[in-house]
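The values are calculated or read from the model by the stated rules, or taken from the named source; none is laboratory data. Everything numeric here is computed off the predicted structure, so don't read it as measured data. No Cβ is skipped: glycine too gets one built from the backbone with ideal geometry, and neighbour counts run over all protein chains shown. Ligands, DNA and RNA are stripped out before the accessible areas are found, and what is left, the full protein with its side chains, is counted by its heavy atoms. Shrake-Rupley method; radii C 1.70, N 1.55, O 1.52, S 1.80 Å.
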Amino acid sequence: MMQPPLFDNGIDSVEVFKGIRFPGFIHTQESLRAACSFQFQDTDVLLVTFPKSGTTWMQQVLSLVFCEGHLGSIHHVPNWERMPWLEQIFFGKLCSSLNPGQPRLLTSHLPAEALGPVLQHSKARVVYMARNPKDVLVSFYHFHKLVNFLPDPSSFEDFVDEFLKGTGFFGSWFEHVKGWLGLQQDLNMLFVTYEELYQEPRATLQKLGDFLGRPLGPEKEDSILEQCTFSFMSQSSGVNYSQVPTTVMDPSRGLFMRKGVMGDWKKHFSPEQNETFNAVYQAKMGNSGLQLPWTMD
Ligand code: PPS
């Protein structure tokens with residue numbers, strides 16, 4: 001379970017760090033600063049995502065890869081304990097409880113400018129996972145309504161506006177993706193998308209296994225793939241956030257494991273919002289030279 005004594009800040013408090021707003025309930029200046037000077041080990045595996053890009057899904061995949069496909073006793077251990085977030089207030093305690101016989105599996109939502117400098121001194125493996133930003137936006141919108149440590153969006157329209165400006169919680173999706181991809185040559189990094197894990201799960205798993213130095217084989221792959229499906233994870237208390245107190249995440253307002261599909265944005269965006277989004281996307285990403293694998297329509 002989450003560690004109640006650590007919650008010093010009110011549930012709706014806000015922490016601004018490097019010009020970006022973070023939920024103050026689970027972040028402090030101290031925890032954010034500590035992440036930026038974290039001493040990585042070469043054996044560490046760091047999963048980095050902008051929120052709602054498939055973090056929990058990849059946490060489940062990575063846990064399974066390092067358990068040879070059998071979660072066993074960690075089946076009910078929540079994802080935030082299996083792969084703690086570097087920047088959150090629980091990190092120090094959770095990190096020291098990680099299994100000393102295994103590589104440390106860590107998570108972060110921080111931008112590249114925050115972690116790039118310390119990571120460049122290590123050979124730690126970085127898995128960067130990205131998702132079609134329109135689906136990220138929709139998932140994040142529902143997440144804001146679900147959890148009490150983020151403000152209720154006033155309207156979907158305003159939420160789109162804020163996302164495009166990059167002024168929302170956790171900063172700009174555009175800067176996050178560009179920043180991390182810009183470090184590809186400097187870090188031991190694998191870029192993966194939600195969409196490829198969704199469409200080609202076995203090939204993506206094999207790619208991950210190779211990158212992590214853990215080649216798997218058909219039997220382990222079958223076992224991992226079975227435990228990473230949306231339906232399996234929805235029922236699993238280690239990854240469906242059912243262990244979070246209802247004062248933090250209220251199940252009567254929705255589910256963390258909401259839909260788990262590609263293209264749900266089509267049910268939310270008006271034609272005008274889509275047009276505006278595409279124009280901003282083109283302006284911000286068009287000349288970046290990045291080949292990102294989703295279609296924007
Ligand atoms: S968080 O809060 O940043 O950690 O959220 P994150 O885990 O990054 O993203 C949550 C979204 O990922 C979906 N999800 C999955 N999709 C497909 N298959 C599996 N197994 C899976 N597990 C999680 C989850 O449903 C959220 O997306 P939406 O679109 O809201 O359903």
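For the subset of the stretch 244-257 comprising residues that are part of a loop (DSSP other than H, G, I, E, B) and either more than 15 Å from residue 60 (Cβ to Cβ) or touching an Asp or Glu at 6+ places or on another chain (Cβ under 7 Å) (or both), which member is most open to solvent (accessible area, probe 1.4 Å)?
So in the stretch 244-257, the residues part of a loop (DSSP other than H, G, I, E, B) come out as 244-248, 250, 254-257.
Going one step further and asking which of them are either more than 15 Å from residue 60 (Cβ to Cβ) or touching an Asp or Glu at 6+ places or on another chain (Cβ under 7 Å) (or both), we end up with 244-248, 250, 254-255.
On the way: 244: 11, 245: 54, 246: 88, 247: 95, 248: 8, 250: 43, 254: 29, 255: 118 Å².
Residue satisfying both the conditions and the ranking: 255.
Determine which single condition residue 169 fails, assuming it passes every other condition in (1) in contact with a strand residue (DSSP E or B) (Cβ under 6 Å, 6 or more places away or on another chain); (2) aromatic (Phe, Trp, Tyr); (3) away from the ligand (no atom under 11 Å from the Cβ).
Failing condition for residue 169: (3).
Residue check, residue 217 against (1) surrounded by fewer than 17 Cβ atoms within 10 Å (Cβ to Cβ); (2) within 16 Å of the ligand (Cβ to nearest atom); (3) of a type in the set (Gly, Ala, Ser), all met but one. Which one?
(2)
In this structure, does residue 134 turn out to be part of a loop (DSSP other than H, G, I, E, B), surrounded by 23 or more Cβ atoms within 10 Å (Cβ to Cβ) and of a type in the set (Lys, Arg)?
On the way: part of a loop (DSSP other than H, G, I, E, B): no; surrounded by 23 or more Cβ atoms within 10 Å (Cβ to Cβ): yes; of a type in the set (Lys, Arg): yes.
For residue 134, the condition - part of a loop (DSSP other than H, G, I, E, B), surrounded by 23 or more Cβ atoms within 10 Å (Cβ to Cβ) and of a type in the set (Lys, Arg) - is not met.
Wholly within the stretch 1-81, which strands (runs of 3 or more DSSP E) include no fewer than the required count, namely at least 3 residues that are away from the ligand (no atom under 14 Å from the Cβ) and hydrophobic (A, V, I, L, M, F, W, C)?
14-17
Tell me the residue from 125, 104 that is away from the ligand (no atom under 11 Å from the Cβ), touching a Cys at 6+ places or on another chain (Cβ under 9 Å) and open to solvent by 10 Å² or more (accessible area, probe 1.4 Å), please.
Exactly one residue qualifies, and that residue is 104.
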